[in-house]
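The values are calculated or read from the model by the stated rules, or taken from the named source; none is laboratory data. These numbers come from a predicted model, not from an experiment. Every residue, glycine as well, gets a Cβ built from its backbone with ideal geometry; the counts of neighbours run over all protein chains shown. With ligands, DNA and RNA removed, areas are computed over all heavy atoms of the protein, side chains included. Shrake-Rupley method; radii C 1.70, N 1.55, O 1.52, S 1.80 Å.
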Amino acid sequence: MSKKRKIISLAVWLSVVLLALVGVIMTNGSEKTESIREIMRDAVLHDRNKISLFGYMEVNPALISAFTVTGILLAAALLIRLFVIPKFKYVPGKFQLLLEQLVGFFDGLGRSNSPHRNCFLNVYIFGAGVYIFFGTLFELFGIQAVTTHGISIALPAPLSDINAAIALGCLSYLVIMSGGIVSNGIKGIGKTLKDFSLPISMSFRLFGALLSGLLVTELVYYYSGLSFVLPVVVAVLFTLLHALIQTYVLTMLTSLFYGEVSEVHKGEKKAKANSAIKGEH
Amino acid sequence: MNIPLNIDWQQILLHVFNFAILTGGLYFILYSPIKKFIDKRDAYYRNMDSEANEKLASARAQEEQARGCLEGIDQQLKETRMKAEAELSEYTARQMQEAKAKADRIIEEARKSAEEEKRAILASADKEILSMTKEATEKIIHSSTDEAYRKFLEIAERDVQNGK
């Protein structure tokens, strides 16, 4: 590129940035429909901005996000199933390798943490992992929805809603318990109930992590002065890293506890067998 | 019942419903086919590996067999060589013996011939010596007669001269 062209490109880029800045400042004068306090409160409690679910009931925006994420993921999965998977080769290409790594990662996580029983666990942590990761990344797109009050809002990450976090936390706990029951019967329930705080800790860990990201993002985007450069850092820190970390944490914890409660103790079996033999004598 | 944090059981169940659909859908559409493909590829490479191992084992067995054959051949070669060497040494000894006998015979013949020749030479030398002796004797005899006669003649001449 010649020097003259470089200068022209730089000038165009600077003028675009300046025009955008002027536009932002000029439009900032318009009245905000909600104060930052209301936004923060609504982000935590979801008591104000509701979205109508097919006119049947009013739900939190995160539920719409959850349905949207599910729809997008299933559509993408269907496209992959129809157009990519039939063309799989023994020596994989880049995309095939990515898909295999995705499946292989959760499969390996389940196998390593619960080597004796992991079929259902692998499927569950695959679904949960994909849901948490893409659900968290979903807020980056800022897809708009209209509330029942007629306000336009950006759809948040599904798990920034406490209901979604409780649903996933409790479901993980039930999956862990199911592993205990299948492997150890009534004892498995006892083993799982021993960690009774698990559903609460799992739910609130997810909720807290995702909510913190959401609050910081809301705060940053509320003030136009903070809307330059900073969102890049915020998006990376509170969205991408959360997506990765929370996916790993929940799937790892679930598989770890599942492996623990579904393990059949050989010592107990041996003791039983010994006592049975002694009884016979 | 007023639950804190605006927790709504209906929405929790809706989230569970949503997640169940997502997990089931992902399992049937994505996870299962990819897992099956990975397992199929694993089986393919495992099969390839076992086939290669079988071939390797077969090759090793063949190698062992070939080594056994080679050892047998080596042993056979050794025996043949030893036999050949024994035969050769026997043949050589026989040849040597024959050669020696021949040489002895030749020497004997030569000795005999030399003796005969010597004898013939000696005989001829004797004859020659005899003839030479005879000749010499004859010569001696002739010379002594002539001298005596000459002396007699001289004496006679002298007597004649002296008037005797």
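Around the amide H of A:F88, modelled in the peptide plane, lies no amide H under 5 Å away from a residue 5 or more places distant or on another chain.
Remark: accessible surface ordering of B:I29, A:I162 (largest first) is B:I29, A:I162, probe radius 1.4 Å.
When the solvent-accessible area of the protein assembly as shown is split by element, carbon and sulfur atoms take up 65 percent of it, the probe being 1.4 Å.
When you restrict to C-alpha pairs under 8 Å that are six or more residues apart and normalise by the size of the range A:35-264, the relative contact order lands at 28 percent. Please find, in a Gaussian network model of chain A (springs between Cα atoms separated by less than 10 Å), the residue of A:S112, A:S255, A:S178 whose mean-square fluctuation is greatest. Result for chain A, Cα springs under 10 Å: A:S112 fluctuates most. Note on A:L19 and A:L53: their simple-model spin labels are 4.4 nm apart, each label 7 Å out from Cα toward Cβ. Rounded to the nearest 10 square angstrom, A:K6 shows an accessible area of 120 square angstrom against a 1.4 Å probe.
Charge tally around B:T92: other residues with Cβ under 14 Å, Lys/Arg +1 each, Asp/Glu -1 each, net -2. When peptides A:55-63, A:119-127, B:124-132 are sorted by average Cβ neighbour count within 10 Å, with the highest value leading, the order is A:119-127, A:55-63, B:124-132. Placing unit charges on each Cβ (+1 for Lys and Arg, -1 for Asp and Glu) gives the range B:9-162 a dipole about its Cα centre, and among B:A110, B:L26, B:A120 the Cα reaching farthest toward its positive end belongs to B:L26. A probe of 1.4 angstrom, applied to the heavy atoms of all protein chains, finds A:H116 with accessible area near 90 square angstrom. Remark: the Cα gyration tensor places the range A:1-149 in the oblate category, a/c being 1.5 or greater and a/b not exceeding b/c. Among A:P156, A:P115, A:P92, whose mean-square fluctuation peaks in a Gaussian network model of chain A (Cα, cutoff 10 Å)? Per the Cα network of chain A with a 10 Å cutoff, A:P92 tops the list. Taking both sides together, the accessible area buried where A meets B is about 3700 Å² for a 1.4 Å probe.
Summing +1 for each Lys or Arg and -1 for each Asp or Glu among the other residues whose beta-carbon sits under 15 angstrom from that of A:A11 gives +4. For chain A, return all DSSP H helices satisfying: extent of Cα atoms along own axis at least 24 Å; mean Kyte-Doolittle hydropathy at least -0.5. Those that pass (Cα extent of 24 Å or more, hydropathy at least -0.5) are A:3-27, A:61-79, A:94-113, A:119-141, A:162-184, A:198-222, A:241-261.
Per residue, chain B exposes 83 Å² of accessible surface when a 1.4 Å probe is rolled over the protein heavy atoms with every protein chain present.
Over the protein assembly as shown, dividing the summed -39,500 (n - 2.57) contributions of all DSSP H runs of at least 4 residues by the number of residues returns a 222 nm mean residue ellipticity of -27500 deg cm²/dmol.
Residues considered: A:V261, A:V84, A:V22. Largest GNM mean-square fluctuation over chain A, using C-alpha springs under 10 Å, is found at A:V22. Taking the Cβ of B:S58 as the center, what net charge do the other residues with Cβ under 12 Å away carry, scoring Lys and Arg +1 and Asp and Glu -1? Within the 12 Å Cβ shell, the charges total -2.
Across the protein chains, with a 1.4 Å probe defining accessible surface, the residues B:V16, A:V234, A:V17 rank A:V17, B:V16, A:V234 from largest area downward. Kirkwood Rh over Cα pairs of the protein assembly as shown into Stokes-Einstein at 37 °C, 0.692 mPa s: D in µm²/s? In µm²/s, the coefficient rounds to 101. Put simply, the range B:9-162 fits an ellipsoid with semi-axes of 139, 18, 7 Å; these come from the alpha carbon gyration tensor as the roots of five times its eigenvalues, largest first.
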